[in-house]
Amino acid sequence: MILEVTAATLHDAKVAQEHGADRISLVTGIGEGGLTPSYGLMKKVKETIHIPIFVMIRPHNQSFQYDEDDLQTMIEDIHYAREIGIDGIEIGCLTEDKIIDEQALKRLLDAAGEMNVTFHLAFDEISDQEKALETLLSYKQIQRVMTSGADKSALNGIPHIKKLLRRIKDKDIILIGTKGLKPENLQAFLSVTPVKEIRIGSGVRVNCQYTKPLDPRSVKAAKETMNKQK
């Protein structure tokens, strides 16, 4: 099982790697759901960390709707991340009607080339998620979809997550469980939800607060819990 940990600093990334994370989700503005990190942070983390690094590509927190200026910014950020060898990106773009903006998505995927691509939590703002999954399945570059089951917590979203997992059974896409997860409730989630990858943000930070650094003991405890599910 894969544990992805959200990192907002180089120190976060080091702690995550040292204590069991399998992958880094590199962001800034962590309390706002994650925004694109600076070029300097991307570069330093890439130079220092040897586990896979995925970078959030999100220029603002106003919505998941992007105009031409936003898209040009996102494409440039993707080009830079790709140039320095970042492993993957996390993207999501919606229309005003809260469906996937395929025109924008295609442009971002063209910029990403061979990089790994995750469709991030913008997915949870879509009303018809099963139809959205069918759309995403048509884009082979998209390997993962992040979701909490359209709920504030993945624990509350378990029934819907299981429904989505049945929909993508035997398909080439991975569902990442996220939101509200921490070492103390991870076992309860994993015991009934057959996901293979988990993303944890505040749940492995000191006092479970976004404004605090990663807690090494929490990262380690989360990974140990996941290892027991093998």
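The values are calculated or read from the model by the stated rules, or taken from the named source; none is laboratory data. Only a predicted model underlies this, so the values are computations on that prediction, with no experimental measurement involved. Positions of Cβ are backbone-derived with ideal geometry, glycine not excepted, and every protein chain shown enters the neighbour counts. Ligands, DNA and RNA are stripped out before the accessible areas are found, and what is left, the full protein with its side chains, is counted by its heavy atoms. Shrake-Rupley method; radii C 1.70, N 1.55, O 1.52, S 1.80 Å.
Take the alpha-carbon centre of the stretch 19-41, take the same for the stretch 150-194, and report the distance between them in whole Å.
21
Using the Cα centre of the chain as origin and beta-carbon charges of +1 (Lys, Arg) and -1 (Asp, Glu), tell me which of 59, 218, 136 is placed farthest towards the positive end of the dipole.
Result: 218, furthest along the dipole toward the positive end.
Would you please classify the overall shape of the chain from the alpha carbon gyration tensor, given that a ≥ b ≥ c denote the square roots of the eigenvalues, rounded means a/c under 1.5, and beyond that prolate means a/b larger than b/c while oblate covers the rest?
In terms of gyration-tensor shape, oblate.
Considering only DSSP states other than H, G, I, E and B, which GluC sites (Glu not before Pro) in the stretch 55-158 qualify as loop sites with at most 10 other Cβ atoms within 10 Å?
When the GluC sites (Glu not before Pro) of the stretch 55-158 are filtered for loop state and at most 10 Cβ neighbours within 10 Å, 96, 114 remain.
Looking only at 157, 40, 85, which one moves most when the chain is put into a Gaussian network model with springs between Cα atoms under 10 Å?
40
Quick one: dipole size for the chain, taken about the Cα centre, charges +1 on Lys/Arg Cβ and -1 on Asp/Glu Cβ, in debye to the nearest 20.
Dipole magnitude for the chain comes out near 1240 debye.
Using +1 on the beta carbon of Lys and Arg, -1 on that of Asp and Glu, and nothing else charged, what's the dipole of the stretch 108-164 about the Cα centre, debye to 20?
220
Go through the stretch 142-177 and name the trypsin sites (Lys or Arg not before Pro) that are in a DSSP coil and have 13 or fewer other Cβ atoms within 10 Å of their Cβ.
152, 169, 171
Carbon and sulfur: what percent of the chain's accessible surface (1.4 Å probe)?
Carbon and sulfur atoms account for 46 percent of the accessible area of the chain.
Considering only protein heavy atoms, what per residue accessible area in square angstrom results for the chain with a 1.4 angstrom probe?
46
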